[in-house]
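The values are calculated or read from the model by the stated rules, or taken from the named source; none is laboratory data. If you're wondering where the values come from, they're calculated on a predicted model, not measured in any experiment. Positions of Cβ are backbone-derived with ideal geometry, glycine not excepted, and every protein chain shown enters the neighbour counts.
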Amino acid sequence: MTHDVVNQVPPLTGHDVSADAALTEGLAREGAGWALEELRRLGALAGSERAAEWGRLANEHPPVLRTHDRYGHRIDEVEFHPAWHELMAVAVAGGLHAAPWADPRPGAHVARAAGFYVWSQVEAGHGCPVSMTYAAVPALRHAPQLAAEWEPRLASREYDFGLRPAAAKRGVLAGMAMTEKQGGSDVRANATRAEPLSDGTYALTGHKWFNSAPMCDVFLVLARAPGGLTCFLLPRVLPGGDRNAMRLMRLKDKLGNRSNASAEVEYHGALAWRVGEEGRGVRTILEMVNTTRLDCVIGSAAGMRYGLRQAVHHAAHRSAFGRRLVDQPLMRNVLADLAVEAEAATALMTRLAGATDRAAAGDAAEAALRRTALAVGKYWVCKRAPAHAAEAMECLGGNGYVEDSQLPRLFRESPLNGIWEGSGNVAALDVLRALGREPEALEAFLGEVALAAGADRRLDDAAGRLRTSLSDPADLESRARRITEDMALVLQGSLLVRHAPAAVADAFCASRLSGEGGRAFGTLPSGLDLDAVIGRVAHPGA
């Protein structure tokens, strides 16, 4: 009798991760309803026991750096557990990397975002090379000849791991190396040198403090050429088959993102090709940064959805004090609050994906909206993710604090997107730069918010306060975070009022815009329809 197992929650497997009303409604709204069938197939795999095991194994067996072979030859190989390769193969076959750039259908980037959101809930770490590859293409297009050569390789849906010349591979992946130890986000302090060679290539010499996904085939790198800071394309293996002079010094020992390799690297005359003009490197590589920022928002929204689903599943199957947790008023308040936050993040994510899709097709108004809203979303959604993960873990009590629940992995992962591609201050200051230098970006943002004007008094009041705040030039830099937060909440409120069920929009406006709720999750005010909010999670698609 001492080992009878009762009142334990069954594993959350055998479900469709894409059965997420906020996601599928956004998919249709942003012009990618045609992708639903493929998304359902991916969602079924993502919710399977097999995929969950891949995620567990990839994190319990992190990558290992092999700098030399048994004979002393330098090889700089990164070894991964087979589960990592399974995750990557699915992601690439699903086109979650660069495939949308080769897909002429409207909504291709939205479909890709939805797939990335679904598959990231299995395991977040392998999303790094997937995201880097996706983001490399717009930067690479500053060098049309290089783009013509590399885009078909990057967009291939075949995962072909291993160090070989790119022309001999069925598909390739891209990484990035920007930051150096003396500068961090201040890339203008970079010291890596780029010496022009007689054939038009460059020899790079220097040290990079963070090289994202060092096992990839090719990288976009910032280095200082005679004309100033410049963007370069640097392959791991040269066309003739020799390995480029890129040395992997060590893999970073990170808080989370354990399945993925991040490295410190040195270049010793490594051969590279210029992307864009000399001295325009920051502007060129910002094309990549802005695209990966979208994936920061997607990844954080995906983490919220995963944590929420685990919390609701646990509460529906666990009893305490004679009642199921999900039937207890205070727990219902917590779950509903988590659900509101997750839906707001998903609504914003799909809108940003839609703006990206239409901007890529040449829509100037959508490009202007994306310029501001992407930095706003990157700041706020990524900031909310750690608190959301902590509360979801707390819903499971002690069981949530144990590695078997996978919520510690989610919690360790949750701060990453807030740091990656510009931490909170960088993102907030970028918002100020956009507002100051690009009036059309602010106009597009306020125009988007105004689409919900008159639908909810609390939203209208918050939008009015935001306009007043933006018109005050005093202490803008010190207020940058508050301004960005207010912009995020007003934009999310506008999206929910227009597109979400009334119960969700009501809860958001009451707690986030009018101050009726508290600061912690689970402090929604009385009088809200919590059954409808939670039911949207417990019965996805209803």
Condition check for R481: in a helix (DSSP H, G or I) and under 30 Å from G47 (Cβ atoms):
no
Which members of segment 388-412 meet the condition of being crowded, with 16+ Cβ neighbours inside 10 Å and among the hydrophobic types (A, V, I, L, M, F, W, C)?
A389, A390, A392, M393, C395, L396, L407, L410, F411
Of the residues that make up segment 72-93, is at least one under 16 Å from the mean Cα position of the chain (by Cα), outside any helix (DSSP H, G or I) and either in contact (Cβ under 8 Å) with a residue 24 or more places away in the chain or surrounded by 24 or more Cβ atoms within 10 Å (Cβ to Cβ) (or both)?
no
Under the condition of being within 17 Å of C509 (Cβ to Cβ) and among the aliphatic types (A, V, I, L, M), which residue from segment 455-478 is surrounded by the most Cβ atoms within 10 Å (Cβ to Cβ)?
L459
Does at least one position in segment 171-184 carry a residue that is in a helix (DSSP H, G or I) and not β-branched (V, I, T)?
no
When you scan segment 442-459, do you find a residue that is modelled with pLDDT of 95 or more and at positive phi, even just one?
yes
Every residue in segment 186-208 that is outside any loop (DSSP other than H, G, I, E, B) and surrounded by fewer than 18 Cβ atoms within 10 Å (Cβ to Cβ), please.
V187, R188, A189, R193, E195, P196, A203, T205, H207
Restricting attention to segment 1-23, the residues that are more than 15 Å from F116 (Cβ to Cβ) and either among the basic types (K, R) or part of a helix (DSSP H, G or I) (or both) number exactly 2
Looking at segment 173-212, which of the residues that are closer than 26 Å to F161 by Cβ and of a type in the set (A, V, I, L, M, F, W, C) is modelled with the lowest pLDDT?
M178
Which residues, counting only those in segment 249-298, are hydroxyl-bearing (S, T, Y) and farther than 17 Å from W209 by Cα?
S259, T284, T291, T292
Identify the single condition in (1) buried (at least 21 other Cβ atoms within 10 Å of the Cβ); (2) part of a helix (DSSP H, G or I); (3) of a type in the set (A, V, I, L, M, F, W, C) that A452 does not satisfy, given that it satisfies every other one.
(2)
Restricting to segment 510-530, and then to whatever is in contact (Cβ under 8 Å) with a residue 12 or more places away in the chain and among the polar types (S, T, N, Q), can you tell me which residue is farthest from M393 (Cα to Cα)?
S514
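Do the conditions hold for G175, that is, is it at positive phi and either touching a helix residue (DSSP H, G or I) at 6+ places or on another chain (Cβ under 7 Å) or surrounded by 14 or more Cβ atoms within 10 Å (Cβ to Cβ) (or both)?
No.
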Given (1) within 24 Å of L27 (Cα to Cα); (2) at pLDDT 95 or above; (3) surrounded by fewer than 24 Cβ atoms within 10 Å (Cβ to Cβ), P104 misses just (2)
Considering residues that are buried (at least 24 other Cβ atoms within 10 Å of the Cβ) and out of contact with any Gly (no Cβ under 8 Å at 6 or more places or on another chain), the number found within segment 498-533 is 5
Output the residues belonging to segment 460-484 that are among the acidic types (D, E) and either closer than 23 Å to L495 by Cα or in contact with a Leu (Cβ under 6 Å, 6 or more places away or on another chain) (or both).
D460, D461
Could you go through segment 371-384 and let me know if any residue there is surrounded by fewer than 24 Cβ atoms within 10 Å (Cβ to Cβ) and farther than 25 Å from A510 by Cα.
no
Note: among A167, A148, just one is in a helix (DSSP H, G or I) and farther than 25 Å from E277 by Cβ, namely A167
Given (1) modelled with pLDDT of 95 or more; (2) in contact with a Ser or Thr (Cβ under 7 Å, 6 or more places away or on another chain); (3) more than 26 Å from A355 (Cα to Cα), where does G517 come up short, assuming only one miss?
(1)
Determine if segment 286-300 includes at least one residue that is surrounded by fewer than 20 Cβ atoms within 10 Å (Cβ to Cβ), out of contact with any Asp or Glu (no Cβ under 8 Å at 6 or more places or on another chain) and within 30 Å of R358 (Cα to Cα).
yes
Which ones in segment 339-370 are among the small types (G, A, S) and either under 16 Å from C296 (Cα atoms) or buried (at least 24 other Cβ atoms within 10 Å of the Cβ) (or both)?
A339, A342, A344, A345, A347, A353, G354, A355
Can you name every residue in segment 358-384 that is over 14 Å from A441 (Cβ atoms) and part of a helix (DSSP H, G or I)?
R358, A360, K378, Y379, W380, V381, C382, K383, R384
Got a sec? Which of V537, V497, V490 is of a type in the set (V, I, T), in a helix (DSSP H, G or I) and closer than 21 Å to C382 by Cβ?
V490
